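First comes the structure, then the notes that go with it.
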Amino acid sequence: MLRWSEIGLPKTVLLGLLLALSASLPGAAFAGGSSRGSLVWSRHTDNHGRYTGYYLYVARGFNVTVGANYYYGDIDNTGIAFNGGFMQQNFRGGVTLTYQHPLGGYCNLRSSFAVGALHAANTRAESYPKQFQSIYLEPSVCVDVYPMPWLGLYLFAGIGANASLIHYAFANLGGDPAVVERDVVRFLPMVPLGIGWAIPLGRASGLMLHIEASAHQGILDTPTMNLDAYPQTKAQNGVRDYGRSFQPGGKRTNEWADGYFQLGLTLSYRWN
């Protein structure tokens, strides 16, 4: 009979690594559940009478996401996000409901409907005072891809449309020091891009917790299509024009499109 002391420490470590590796492989999951992973067995048989396996992450399901939104754009800085540092007043929140359907073995097509709020204020002495707050509705369609589906890590991208009810207060750039306040409705095409990690909760429950980080980038910034009621444009002669005072004959091109970051927690339920 082989004694454990005869195996030796190196062989013991190697055996432990092999056991850990075998437990992490997709094929280690069976009987309707998975330890971490992802491969579960269907409760139904296929046309040949065999029970089929599928990845838990790539399946039909519903998601509910609660996230923190961070606006970036013209009100904050005319340039890149965080150009002037982190601004706490740019935080608001949102909720997203999603239905997803598998597209092959590694992808899901998901349709989402989001409701949220955005806010920003710039009262620096060297800038014209400007601030806004809004509530929005944003339907979108995305594809999430699991390059290694047994790990639960995924990337997603898609297209959406943001409809915002915006209350703004901007200084009049025509020389009048008075601040103009108004409520407007704006529509804007959006491109959501993100990364996430799904963590199964329990064996074969179908419940998962996700951590997601995403950027929702507007692809236009015009007087009629924007996220903050403050279109960032410039005149042909190089004089900056913010969409508040238009000069006839000036050719205006987009300089900076608005968007927001979102960090969220998602609870999802999946089934085959």
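The values are calculated or read from the model by the stated rules, or taken from the named source; none is laboratory data. Every value quoted in this text rests on a predicted model; they were computed, and no experiment measured them. Methodologically, a virtual Cβ is constructed for each residue, glycine included, from the backbone with ideal geometry; neighbour enumeration extends over all protein chains shown.
Collect the residues in segment 193-217 that are under 20 Å from Phe261 (Cβ atoms) and surrounded by fewer than 22 Cβ atoms within 10 Å (Cβ to Cβ), keeping them in residue-number order. Within segment 193-217, Leu193, Gly194, Ile195, Gly196, Trp197, His210, Ile211, Glu212, Ala213, Ser214, Ala215, Gln217 meet the criteria.
A quick yes/no check of all residues on (1) outside the structural domain of Ala120 (by TED's automatic domain parsing); (2) within 19 Å of the chain's Cα centre (by Cα); (3) of a type in the set (Asp, Glu):
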{"position": "Glu181", "(1), (2), (3)": "no, no, yes"}
{"position": "Pro189", "(1), (2), (3)": "no, yes, no"}
{"position": "Leu193", "(1), (2), (3)": "no, yes, no"}
{"position": "Trp197", "(1), (2), (3)": "no, yes, no"}
{"position": "Pro200", "(1), (2), (3)": "no, no, no"}
{"position": "Gly206", "(1), (2), (3)": "no, no, no"}
{"position": "Leu209", "(1), (2), (3)": "no, yes, no"}
{"position": "Ala215", "(1), (2), (3)": "no, yes, no"}
{"position": "Ile219", "(1), (2), (3)": "no, yes, no"}
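Each residue in segment 136-174 was checked for being outside any strand (DSSP E or B) and under 19 Å from Thr266 (Cα atoms), and 5 pass. A count restricted to segment 106-150 and to residues that are closer than 29 Å to His167 by Cα, among the hydrophobic types (A, V, I, L, M, F, W, C) and either in contact with a Leu (Cβ under 7 Å, 6 or more places away or on another chain) or at pLDDT 85 or above (or both) stands at 11. Assessment of segment 165-174 against the conditions (over 25 Å from Pro129 (Cα atoms), modelled with pLDDT under 90 and surrounded by 20 or more Cβ atoms within 10 Å (Cβ to Cβ)) yields no matching residue. Here Ser134 meets each of (1) crowded, with 20+ Cβ neighbours inside 10 Å; (2) more than 18 Å from Leu220 (Cα to Cα) with one exception, condition (2).
Is it the case that Leu227 is more than 15 Å from the chain's Cα centre (by Cα), modelled with pLDDT of 90 or more and assigned by TED's automatic domain parsing to the domain that holds Ala171?
Numbers: more than 15 Å from the chain's Cα centre (by Cα): yes; modelled with pLDDT of 90 or more: yes; assigned by TED's automatic domain parsing to the domain that holds Ala171: yes.
When the stated conditions are applied, Leu227 passes them.
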